[in-house]
Every structure is written in C-alpha cells, then in structure tokens.
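Here the structure comes first, spelled out in structure tokens, and everything after it is commentary.
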Amino acid sequence: MSISRQNLSIVIVTIQSEKVIHKCIKSIQENIPIIVVENSNDHNFKKSLESDYKNVTCIVTGENMGMGAGNNIGIKSAKTDYVYIINPDVTFNENTLDELFIASEKISEFSIMTPVCSDSSFPNYKHINDNNDLNIENNTFKVNSIDGYSMLLNKKKLSNEIYFDENFFLYLENDDLCHRVIKNGGLIYVVAKAKINHLGASAVNNKFLDEIEYSRNWHWIWSKFYFNKKHYGLIKAVTQGMIGFITSIFKYMFYLFFNNKKKKKIYFNRASGFYNALIGKTSWYRPDLKD
C-alpha cells in the first residue's frame, strides 16, 4: 500500500511553540489531519489551534513528558496507517508530500521514510557504512538512521513495542528507534527529490533559551549514556562518558572561580547528567519554562 492524503496523519509535539507552529501547519495541506501534542497544561493554546485550523486536533498532556512520550501519544491517537512525525519548526515545500507519495509506490516495504533537509550542510540522515546507496531509478536510498524532526512511520511495519522509548526525555530517541528498526530487519529510506525545511533549535520561545540550553546539556549526556548502555553495555557507556564527566567537573570549578553563572550551570548539568545515568536514575531534569 502506498501513502496518500487519506491514510496519512501528521504528529507535532510542542511546548511553548506558538511562534513557529503556525508556519508549520500552514505548509501542510488542509485535507491532512494534524495531531498536535502540547507538553503542558496550556488549554488556551489548544483552543486557539483548533479554532484556527479545521484539520488540527490538539492533545494537552498536562505536563512536559518529553519528545518520545509525546510522539507516542500522537501515533497511538492517529487512525491512519502512516504517521508523519515532525517538529514545530519544520515546514514543507509545495511538492514535499507528493514526492513522498510517489516514492512510497515503489518502496512500500519501508518502516521509516524522510525527505532531505533543504540545507545540504546539515544532512538529516546517516548512510549505511558511509556509502551513498543511491537508487537512481526512484531517487531513494537506504540509511541507518534519520533525525527525529522528520520521521514518516509505516505503522503496519512497526509494532507497539517499537515506537519511541519513553525513557529518553530528549535526544537519541530517534536513533534508538532507528537502531531497533534496522536490528529487526526494517528498512529506512531517504527520498532525495522531497525537501523539508528545518529552522533548528527554534521550537521553543526565545525567552527560554538559557533554560533550554541547560536542559540540552543535561539530557544529551544522560541520553548518550543510556543509549550506549542499552545497546552496547555498561562498560562502553562508562568508558565513552568518563572523560567528558571529568572534564565537565574541572570546567565547572573553573567557571565557579570566575563567577560565570551560565557556563557554570552548563558544565554542572553535563556532569550531573552523566552521574544520574551512571547510578541508574531516570531522565528527571526539566527546564523551567514558566512565564
């Protein structure tokens, strides 16, 4: 079965994303259902979106559950065979979805698919063994993994157990999903003719930039440790993270001495992320996004 507007839903996980979400939604055809999962208790945001767009349903989670858990809510709420996960700072070109529909007629066995990022300096995929296995005939190629801001999922090829691991709050939940898909014999494709635009690090209001930076540093370290431990074992997780942990402690002490509050917080969070992952704590850190 190939993809069409009748069997496709878009899922967008948001939090404080009111400045970018409208441009994203307006780039999607009005006859495609969109499920917005708002990771907060902002019912005014829900009311506004559903009032402005007839094809939008907004689910308010009541708390910041993270990207993986938010995506799972959207996927399980979708009634279609195909679900396209995107970030709120993503926009489609006029022919993006049409190119994906055309490609799906030839590679219907795919588990995950994505367009190419319009900025070639920031590819949104990793090749298999760094080899560009380009299929000239249908302009698609297989990859090992794709970035989480654009993932078109074939629900019939995925079981409920292989959606996003909700232990990841932020970062590497997409790599974990792709790793499990490949391990279970699934196929991940990039469609070179289809293009997608990604602003990058723009999904949250700019007034929370420092809080987001602190959160990124904590969760990047925690998620790397958890990913390595899950797929390659504790020894690899420790050995790959220990140097960074020790370096973060020294840098924290350096910026503590010079009273640089922002840098001090960043390196404290890096060390904390590693330590909490090492002792088996969940990814509990949350940015303060309250007005």
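The values are calculated or read from the model by the stated rules, or taken from the named source; none is laboratory data. Source: prediction; values computed, not measured. Cβ: placed from backbone, ideal geometry, glycine included. Neighbour counts: every protein chain shown.
Worth pointing out:
- Every listed requirement among (1) surrounded by fewer than 17 Cβ atoms within 10 Å (Cβ to Cβ); (2) of a type outside the set (S, T, N, Q); (3) at pLDDT below 95 is met by Lys54 save one, (3).
- Elements of type strands (runs of 3 or more DSSP E) contained in the stretch 39-122, each with 2 or more residues being without any contact (Cβ under 8 Å) to a residue 60 or more places away in the chain: 56-60
- Number of the exception - Ala78 against (1) within 23 Å of Ala192 (Cα to Cα); (2) at pLDDT 95 or above: (1)
- Lone unmet requirement of (1) modelled with pLDDT of 90 or more; (2) in contact with a strand residue (DSSP E or B) (Cβ under 9 Å, 6 or more places away or on another chain) for Leu170: (2)
- Tally, over the stretch 265-278, of residues that are under 19 Å from Lys229 (Cα atoms), over 21 Å from the mean Cα position of the chain (by Cα) and aliphatic (A, V, I, L, M): 2
- From the list Ile35, Ile28, the lone residue that is assigned to a loop (DSSP other than H, G, I, E, B), touching a helix residue (DSSP H, G or I) at 6+ places or on another chain (Cβ under 9 Å) and either under 15 Å from Ile85 (Cβ atoms) or modelled with pLDDT of 95 or more (or both) is Ile28.
- Residue in the stretch 87-103 that is hydroxyl-bearing (Ser, Thr, Tyr), in contact with a strand residue (DSSP E or B) (Cβ under 7 Å, 6 or more places away or on another chain) and modelled with pLDDT under 95 present: no
- Residue tally, condition part of a helix (DSSP H, G or I) and within 19 Å of Met113 (Cβ to Cβ), over the stretch 1-23: 3
- The listed residues are Lys262, Lys224, Lys281, Lys236, and the only one of them that is over 26 Å from Asn41 (Cα atoms) and either part of a loop (DSSP other than H, G, I, E, B) or within 21 Å of the chain's Cα centre (by Cα) (or both) turns out to be Lys224.
- All positions within the stretch 22-33 that are buried (at least 22 other Cβ atoms within 10 Å of the Cβ) and of a type in the set (A, V, I, L, M): Ile28
- Single match in Phe250, Phe257, Phe245, Phe274 (criterion: out of contact with any Lys or Arg (no Cβ under 8 Å at 6 or more places or on another chain), outside the structural domain of Asp98 (by TED's automatic domain parsing) and surrounded by 13 or more Cβ atoms within 10 Å (Cβ to Cβ)): Phe274
- Among the candidates Lys264, Lys290, Lys251, Lys281, the residue that is at pLDDT 95 or above and within 27 Å of Glu38 (Cα to Cα) is uniquely Lys281.
- Of the set (1) surrounded by 19 or more Cβ atoms within 10 Å (Cβ to Cβ); (2) in contact with a helix residue (DSSP H, G or I) (Cβ under 7 Å, 6 or more places away or on another chain), all apply to His198 but (2).
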